[in-house]
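Just passing along the structure, written as structure tokens.
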């Protein structure tokens, strides 16, 4: 049904999306907690910064990444020197681009679910001798877990579809940076690819539906649990 | 020893408990009591004071010293974090962790105890058994009743080995039957575990039953802090302590039980009282609250009467503020103890009561139930 090349494209897409999510989860959790629980100077600016990828043209993000993380970029050169990591025109770069683009979605879902945890429960935990850090791991995170997982799934789905920033930052290299949307785009540029396009589109739809179904299932389960359906 | 002299100002007038919050809460407490009650109506700032003790609200100025250890001092810049203060906090609504079962909730605070290397004077089994929590250990909080939830909350606070147990209206969300049960448990906790308790309530019944000392709060300020008997018998505090339930407090000792009649006799320095129930051991000290509306007055010692408590007394004063009801202050013949009687104006006229007149105070034995008998150890 699917050719080996197509399987490789899907595998690469999943790898890029997974890497992007793994990369952004800790940072997104931190940002979400800061936005939900702390007040500090410049919070509005920080909030805007987090949301920027949502409203900027993806090409702009891709270009900014290219300038910063390209071979000659400030951060790109430093990363290559100290850790031997190259991002430009590599699948890791695609993962970074997808992570940046999915970040606001992830933070948003996490922030909402952290805000839904009663601060009084956290206060109760602190009176029982738990530090802020322990309160986060033992009370805040477990109680906001459904929302956190939904945020992860949303960002994952978003990463699978990332196009503009990816193609600008790491180009469209088959076998290295050519993810599903980029492959579909390439096929539309060449004659006679209609059947392949349809197959890849079907795969995209299937993956997106699975992510949405999973998040819906988690939401329902969480609601049932909070209504107290047994132990 | 609790030394508390602190104040907090809220930038925005905050809605306190219920309606009509205050912008400023300022309290001065000095107490060695086993149970210190913060008493006052809703919105008077009681919870804010407790939150300052716990570290949940940061005072604007002042200092908080517990047993010689400074928890907060604005001048010295000391502010011990909540988790290192060693308080156990029982909230009005329990606030159990919904994602943990009862056993896990109970053990949540045990870690601090280990780290602080306090010997676990409050053992897990002892607390679980005293509060009757063993059958609940595997349940989740959502499946518990209100009373069960509050029992778990008390156990959880105790197992964190607190130096100070804070209870903010722990009975507020319970029905009357559960209230009696939790009150008994609080007394048991006080006697078994020797932990100091700060108890917040607007209920005269709870406070007179439990507290050794009472701090009265009004409009965000402490207006009195003294032992319970003094506070509730002080006339100038009546507007705050007895508006709805005027009465007096007596300290008494159980002398003997009559098993056949299921009655117990109590002796106080002004006479003897009998009350139903035999679960008070002879020799136990109790505090009896006699509500003004439970006291009747007779000019001669009546006979053929169902009322068990007949005490000779003298009319000391008559508080007549107009209306159908007047309050008569009686001085008991034995030791000058005071009683309040609430009677109708019609009765006052008919009996022609006047200060100095010898009378008999009549109190139905069933006016004292478990709710008006407070046990003091």
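The values are calculated or read from the model by the stated rules, or taken from the named source; none is laboratory data. Here the structure is a predicted model, which is why all the values come from computation and not from measurement. Glycine also receives a Cβ, built like all others from the backbone with ideal geometry; neighbour counts cover every protein chain displayed.
So residue B:177 passes all but one of these: (1) within 14 Å of chain A (Cβ to nearest Cβ); (2) free of Cβ contacts under 8 Å to residues at least 60 places away in the same chain. Which condition number does it fail?
Result: residue B:177 passes all but (1).
Oh, and also: Which numbered condition in (1) at pLDDT 90 or above; (2) out of contact with any helix residue (DSSP H, G or I) (no Cβ under 6 Å at 6 or more places or on another chain); (3) farther than 20 Å from residue B:38 by Cα is the only one that residue B:156 fails?
Residue B:156 satisfies all of (1) at pLDDT 90 or above; (2) out of contact with any helix residue (DSSP H, G or I) (no Cβ under 6 Å at 6 or more places or on another chain); (3) farther than 20 Å from residue B:38 by Cα except (2).
With the structure loaded, tell me whether residue B:247 is over 29 Å from residue B:164 (Cα atoms), touching a residue at least 24 places away in the same chain (Cβ under 8 Å), crowded, with 17+ Cβ neighbours inside 10 Å and in contact with a helix residue (DSSP H, G or I) (Cβ under 8 Å, 6 or more places away or on another chain) or whether it fails that test.
So residue B:247 passes the test.
Quick check: is even one residue across segment A:189-202 under 30 Å from residue A:76 (Cβ atoms) and touching a helix residue (DSSP H, G or I) at 6+ places or on another chain (Cβ under 7 Å)?
Looking for residues that are under 30 Å from residue A:76 (Cβ atoms) and touching a helix residue (DSSP H, G or I) at 6+ places or on another chain (Cβ under 7 Å), one finds none in segment A:189-202, hence no.
Now for a separate question. Going through B:113, B:126, B:120 one at a time, which residue ends up being at pLDDT below 90 and either closer than 26 Å to residue B:368 by Cβ or surrounded by 16 or more Cβ atoms within 10 Å (Cβ to Cβ) (or both)?
None of the others qualify; the one that does is B:113.
If you don't mind, there's one more thing I want to ask. Tell me, yes or no, whether segment B:234-244 has at least one residue that is touching a strand residue (DSSP E or B) at 6+ places or on another chain (Cβ under 6 Å), crowded, with 18+ Cβ neighbours inside 10 Å, touching a residue at least 40 places away in the same chain (Cβ under 8 Å) and within 20 Å of residue B:210 (Cβ to Cβ).
Looking for residues that are touching a strand residue (DSSP E or B) at 6+ places or on another chain (Cβ under 6 Å), crowded, with 18+ Cβ neighbours inside 10 Å, touching a residue at least 40 places away in the same chain (Cβ under 8 Å) and within 20 Å of residue B:210 (Cβ to Cβ), one finds at least one in segment B:234-244, hence yes.
Turning to a different aspect of this structure: Can you list residue pairs whose Cβ atoms sit under 6 Å apart, with the first residue in segment B:83-95 being within 8 Å of another protein chain (Cβ to nearest Cβ) and on the phi > 0 side of the Ramachandran plot and the second being surrounded by fewer than 22 Cβ atoms within 10 Å (Cβ to Cβ) and part of a helix (DSSP H, G or I)? Count only pairs 6 or more apart in sequence or on different chains.
Cβ pairs passing all conditions: B:95/A:120; B:95/A:121.
Among the listed residues A:112, A:145, A:212, A:141, identify the single one that is under 25 Å from the mean Cα position of the chain (by Cα), farther than 30 Å from residue B:53 by Cβ, within 14 Å of chain B (Cβ to nearest Cβ) and surrounded by fewer than 19 Cβ atoms within 10 Å (Cβ to Cβ).
None of the other options fit; the residue is A:145.
A follow-up question, please. Taking segment B:214-233 only, how many residues are surrounded by 22 or more Cβ atoms within 10 Å (Cβ to Cβ) and in contact with a helix residue (DSSP H, G or I) (Cβ under 7 Å, 6 or more places away or on another chain)?
6
Here is a further query. Given (1) surrounded by fewer than 17 Cβ atoms within 10 Å (Cβ to Cβ); (2) farther than 26 Å from residue B:166 by Cα; (3) in the same structural domain as residue B:364 (by TED's automatic domain parsing), where does residue B:280 come up short, assuming only one miss?
Failing condition for residue B:280: (1).
Determine, yes or no, whether residue B:98 is touching a helix residue (DSSP H, G or I) at 6+ places or on another chain (Cβ under 6 Å) and away from chain A (no Cβ under 14 Å).
The answer is no for residue B:98.
Return yes or no: is residue A:12 part of a helix (DSSP H, G or I), surrounded by fewer than 16 Cβ atoms within 10 Å (Cβ to Cβ) and touching a residue at least 40 places away in the same chain (Cβ under 8 Å)?
no
Determine which member of the set A:218, A:173, A:197 is surrounded by fewer than 21 Cβ atoms within 10 Å (Cβ to Cβ) and outside any helix (DSSP H, G or I).
None of the other options fit; the residue is A:173.
Residues of segment B:159-186 being out of contact with any helix residue (DSSP H, G or I) (no Cβ under 9 Å at 6 or more places or on another chain) and part of a loop (DSSP other than H, G, I, E, B), which ones?
B:163, B:172
Has segment A:85-92 got any residue that is more than 14 Å from chain B (Cβ to nearest Cβ) and in a helix (DSSP H, G or I)?
Checked segment A:85-92: at least one residue is more than 14 Å from chain B (Cβ to nearest Cβ) and in a helix (DSSP H, G or I).
Restricting attention to segment A:123-137, which residues are without any contact (Cβ under 8 Å) to a residue 60 or more places away in the chain and part of a helix (DSSP H, G or I)?
A:123, A:124, A:125, A:126, A:127, A:132, A:133, A:134, A:135, A:137 - these are the residues of segment A:123-137 that are without any contact (Cβ under 8 Å) to a residue 60 or more places away in the chain and part of a helix (DSSP H, G or I).
Can you pull out the residues in segment B:141-159 that are surrounded by 21 or more Cβ atoms within 10 Å (Cβ to Cβ), facing another protein chain (nearest Cβ under 9 Å) and more than 17 Å from residue B:193 (Cα to Cα)?
B:141
A follow-up question, please. Looking at segment B:50-82, which of the residues that are away from every other protein chain (no Cβ under 14 Å) and buried (at least 22 other Cβ atoms within 10 Å of the Cβ) is nearest to residue B:1 (Cα to Cα)?
Selected residue: B:64.
May I ask you to list the residues in segment B:205-230 that are within 12 Å of the chain's Cα centre (by Cα) and assigned to a helix (DSSP H, G or I)?
Across segment B:205-230, the qualifying residues are B:205, B:206, B:207, B:208, B:209, B:210, B:228, B:229.
Could you tell me which of the residues B:308, B:291 is touching a helix residue (DSSP H, G or I) at 6+ places or on another chain (Cβ under 8 Å) and either within 15 Å of residue B:338 (Cβ to Cβ) or in the same structural domain as residue B:212 (by TED's automatic domain parsing) (or both)?
So the residue among B:308, B:291 that is touching a helix residue (DSSP H, G or I) at 6+ places or on another chain (Cβ under 8 Å) and either within 15 Å of residue B:338 (Cβ to Cβ) or in the same structural domain as residue B:212 (by TED's automatic domain parsing) (or both) is B:291.
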